[in-house]
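Undergrad: Quick one: the structure is below, questions incoming.
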């Protein structure tokens, strides 16, 4: 007697049949998957010949008597020839018959349209009580068998004998969607053999900086709704990929759910539409029908209108062989120099902060954390427009909010409701924001704060520390203060951050307010912020926080929330509107009362609605996506990576410092020329497709992979820099003009007598 | 309970005629198989209301489901449900509608879509064989139903699998809906068709209890083969004024006409019906 060698699926069925006498296997002469079972099951293996209808009727009769029939037939004939029997006998009878369809969808290879089951899911989904299971591979199928058999519901199964195509975090739970790969930009929902292609597409998208989640939707019915809704909420594009007609399959099921639940999602169906597919062997089939991983990825890029769809032949985010070609940048710059004094509207963006001759000068577009210069070179952007892009370039949620508002108008003849709505949002998020006003740029807000403080205290002197914008009162304290009357200059004193003595030295009873950034690079030493608060209180001066960098970034409520110290007034901009120009002055009701009449703070564009619409969308998104926490976590990884490299190489003259969400690379001037070192790192990063000017201005779009890439770049660059520093060859290693200092702070003016006006 | 088969059949027919009131019912086919059902349930089937859970019992499947009024009436008369419940035919709060369903006590499976229950019966017969129980499965087919390919597909499979515990009974009343079978899709020679498919066939008068006794006396008629009994019957049997009338298949009558027909059933002279015939086909 020869022993029967069972294939894994057969062995699983045999084992189930051995413990449960109710299990019977029935087939309409479709034995491919079960050819060795007759020898094991004997009378409990029933082959009715090519008679699908009778097979179903017979299985129904068996089920009526308490059996658990597992029925095998080719999917096309099972679901279509016997459809009315399935619907009438099994469906109406609610009988526990498991319908196993062979060679479903693309698995029918070259058989031709007669054999193509590409409407099977739609048909089976339409039967009340019928479940539909589409395992990704044989392991998935086998693990699910006990649960399927224990379930009294009828179930249609798209059979597969595929080797493992993906991890199975939820074996034996076919009702659940399996997340087989994580991602946040795009969610690819698929099933069966196409999971492999979805994973391939995911890998390709990663090269373009797009992170794709891949979900194995094992049961299009009943759908694991929570997983689908989460995917719709977490990503900006939901893609369904199915070897099935677009009508009635996975795409339909997802649409039905989203519409019913009121969820909003951008959807891309990849399915067969109004046709049968051309019969071919499977590997050819996928590519010819547009279902290969590469084609799926291309469709997704196309839908996202990802700029990498339009390659201009420039450098990419990778170890490029040469510096980028920047001919168009240079040409534009030549024209700008003839017309635009200083060449830039934002000092930090200008050529003075970038290695001339190597760095691009003009950017054309951005998406997520990537930018493309006018010559078509792609970069991972670590500057992010100097801070406003808290979510990333072209964030779909914010852009949609802006587009929607654009359809109604940009700015109006009366106030717009958004002024009230955004003010309320800020009141609810920012500690102490009892009153709120808007303007367009950070300097507006800080200057308004100074004027309000002077009016409220009836004093003129102001004490400041960091950078607060281009207006007279502040920029007079620097060497770029030409054109400002000396009288203005004399009213402002500066102090050193984290040095309470330097604060005490300049604050007195003539001081209207102390304004400073609660954290720029160094964290506040314990007691420093509280100490400044106490000095202000002691002299009756107001405390103003300039929260351009900390606001909506270090915490949703900014530094006041993060450090627990309350200012009298606080100013915000940058992160609040993901790139749209909006600034905020908020604070104590009694102080802000001065704006009711005494202090004039009005401007044409103050209530401009596109920016308010952007803020109204950005603030909830910052909270929903946990942006402050996410930025801090990713920034910490970056900072620790930088520190590890320095430790391994014994480099002591550079550090990555600052709040985790926004760190900077600092160089110790005693050991190395900071401008030369920064220039060297910048030129090497530019060749690697990273746009960098010393800061890591993280956005939500900077993913783990990008942090990892940047750390990898430092791993290569810092040792070379160290060699140049040691050899004294750094200046000669630069391929362009090094960066320049921004400006210098002047010393404090001589004080006049106390109480003088 | 003591009764004679003709007496019980008369009661069944009376119930059926009453079900033509209101929404109506398939009178013609119900009356043609009333004697068959009465015979099966009183003399053949090992099934009682008290022993529906007995795994060794017999099963009757009504594949041509539209004659279910006769089944409802037979089951009620035999105690599967109260006869008073028959008055709730088509009551929205009950489940006695135009085709059988399992919620009615004694009904084994739903039908109505023709050509289904011979294969379901083959499944039940297969289960009995696997269990080793002496259960037999009787499937009542309509003659018009035999146009369905699935009947013959199941006939092939049952023969191939040697299901001699499966018995098909064809209510050969000569009509499908409102047309004679032989005028549309001739079935004759009918018994030889079944024999050619591997069945043991018998042909009898379906209203003659002696012939019914003989036909069902020994089952299986031949070991290893399923049996078919072709019972020649008369549409609307018991109502001479309607017997064999193609237009009186589905019938909807007024209360007065119902009483008229019941009188005719009990031997009174026929009074012509005034309500218009329901031509379904």
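The values are calculated or read from the model by the stated rules, or taken from the named source; none is laboratory data. What you see is a predicted model, and the numbers here were worked out from it, not measured in a lab. Glycine gets a Cβ as well: all are built from the backbone with ideal geometry, and neighbour counts include every protein chain shown.
Undergrad: Out of the range B:184-204, which residues are touching a residue at least 40 places away in the same chain (Cβ under 8 Å) and under 15 Å from residue B:221 (Cβ atoms)?
TA: B:197, B:198, B:199
Undergrad: Of the conditions (1) out of contact with any strand residue (DSSP E or B) (no Cβ under 9 Å at 6 or more places or on another chain); (2) within 7 Å of another protein chain (Cβ to nearest Cβ); (3) not in a helix (DSSP H, G or I), residue B:109 satisfies every one except a single condition; which number is it?
TA: (1)
Undergrad: Looking at (1) under 14 Å from the mean Cα position of the chain (by Cα); (2) in a helix (DSSP H, G or I); (3) away from chain A (no Cβ under 14 Å); (4) over 20 Å from residue B:39 (Cα atoms), can you tell me which one residue B:145 breaks?
TA: Here residue B:145 clears every test but (3).
Undergrad: A further question on this structure: Would the range A:310-324 turn up any residue that is surrounded by 15 or more Cβ atoms within 10 Å (Cβ to Cβ) and in contact with a helix residue (DSSP H, G or I) (Cβ under 6 Å, 6 or more places away or on another chain)?
TA: Yes, some residue in the range A:310-324 is surrounded by 15 or more Cβ atoms within 10 Å (Cβ to Cβ) and in contact with a helix residue (DSSP H, G or I) (Cβ under 6 Å, 6 or more places away or on another chain).
Undergrad: Yes or no: residue A:414 more than 30 Å from residue A:717 (Cα to Cα) and without any contact (Cβ under 8 Å) to a residue 12 or more places away in the chain?
TA: yes
Undergrad: Follow-up question, since we're still on this one. Being assigned to a helix (DSSP H, G or I), more than 45 Å from the chain's Cα centre (by Cα), under 18 Å from residue B:150 (Cα atoms) and more than 10 Å from chain B (Cβ to nearest Cβ): is that true of residue A:56 here?
TA: So residue A:56 fails the test.
Undergrad: Look through B:168, B:159, B:180, B:155 and report the one residue that is under 22 Å from the mean Cα position of the chain (by Cα), in contact (Cβ under 8 Å) with a residue 40 or more places away in the chain, farther than 16 Å from residue B:60 by Cβ and within 14 Å of chain A (Cβ to nearest Cβ).
TA: B:155 is the lone residue from the list that is under 22 Å from the mean Cα position of the chain (by Cα), in contact (Cβ under 8 Å) with a residue 40 or more places away in the chain, farther than 16 Å from residue B:60 by Cβ and within 14 Å of chain A (Cβ to nearest Cβ).
Undergrad: Here are some conditions: (1) away from chain B (no Cβ under 11 Å); (2) not in a helix (DSSP H, G or I). Residue A:18 meets all but one. Which one does it not meet?
TA: (2)
Undergrad: Kindly establish whether residue A:587 is over 23 Å from the mean Cα position of the chain (by Cα) and buried (at least 23 other Cβ atoms within 10 Å of the Cβ).
TA: Considered against the rule, which asks whether it is over 23 Å from the mean Cα position of the chain (by Cα) and buried (at least 23 other Cβ atoms within 10 Å of the Cβ), residue A:587 comes out as yes.
Undergrad: Residue check: is residue B:114 surrounded by fewer than 24 Cβ atoms within 10 Å (Cβ to Cβ), touching a residue at least 40 places away in the same chain (Cβ under 8 Å) and either part of a helix (DSSP H, G or I) or within 14 Å of chain A (Cβ to nearest Cβ) (or both)?
TA: The answer is yes for residue B:114.
Undergrad: May I ask you to list the residues in the range B:248-272 that are assigned to a loop (DSSP other than H, G, I, E, B) and crowded, with 17+ Cβ neighbours inside 10 Å?
TA: Correct list: B:248, B:249.
Undergrad: Determine whether the range B:117-135 contains at least one residue that is away from chain A (no Cβ under 11 Å) and either buried (at least 22 other Cβ atoms within 10 Å of the Cβ) or under 17 Å from residue A:85 (Cβ atoms) (or both).
TA: no
Undergrad: Tell me which residues, restricted to the range A:59-77, are without any contact (Cβ under 8 Å) to a residue 60 or more places away in the chain and not in a strand (DSSP E or B).
TA: Matches in the range A:59-77: A:59, A:60, A:61, A:62, A:63, A:64, A:65, A:66, A:67, A:76, A:77.
Undergrad: Any residue that is outside any helix (DSSP H, G or I), surrounded by 15 or more Cβ atoms within 10 Å (Cβ to Cβ) and in contact (Cβ under 8 Å) with a residue 60 or more places away in the chain - is there at least one of those in the range A:703-720?
TA: yes
Undergrad: Consider residue A:335 carefully, then state whether it is surrounded by fewer than 16 Cβ atoms within 10 Å (Cβ to Cβ) and touching a helix residue (DSSP H, G or I) at 6+ places or on another chain (Cβ under 7 Å).
TA: no
For (1) within 13 Å of chain B (Cβ to nearest Cβ); (2) at pLDDT 95 or above; (3) out of contact with any helix residue (DSSP H, G or I) (no Cβ under 7 Å at 6 or more places or on another chain), each residue gets a yes or a no:
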{"residue": "A:8", "(1), (2), (3)": "no, yes, no"}
{"residue": "A:22", "(1), (2), (3)": "yes, yes, yes"}
{"residue": "A:31", "(1), (2), (3)": "no, no, yes"}
{"residue": "A:36", "(1), (2), (3)": "no, yes, no"}
{"residue": "A:43", "(1), (2), (3)": "yes, yes, no"}
{"residue": "A:60", "(1), (2), (3)": "yes, yes, no"}
{"residue": "A:68", "(1), (2), (3)": "yes, yes, no"}
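Undergrad: Have a look at A:40, A:50, A:25, A:90 and point out the one that is assigned to a strand (DSSP E or B) and touching a residue at least 12 places away in the same chain (Cβ under 8 Å).
TA: Answer to the selection: A:25.
Undergrad: Being away from every other protein chain (no Cβ under 12 Å), under 21 Å from residue B:173 (Cα atoms) and modelled with pLDDT of 95 or more: is that true of residue B:138 here?
TA: yes
Undergrad: With the checklist (1) in a strand (DSSP E or B); (2) touching a residue at least 40 places away in the same chain (Cβ under 8 Å) in hand, flag the one item residue A:364 doesn't pass.
TA: (2)
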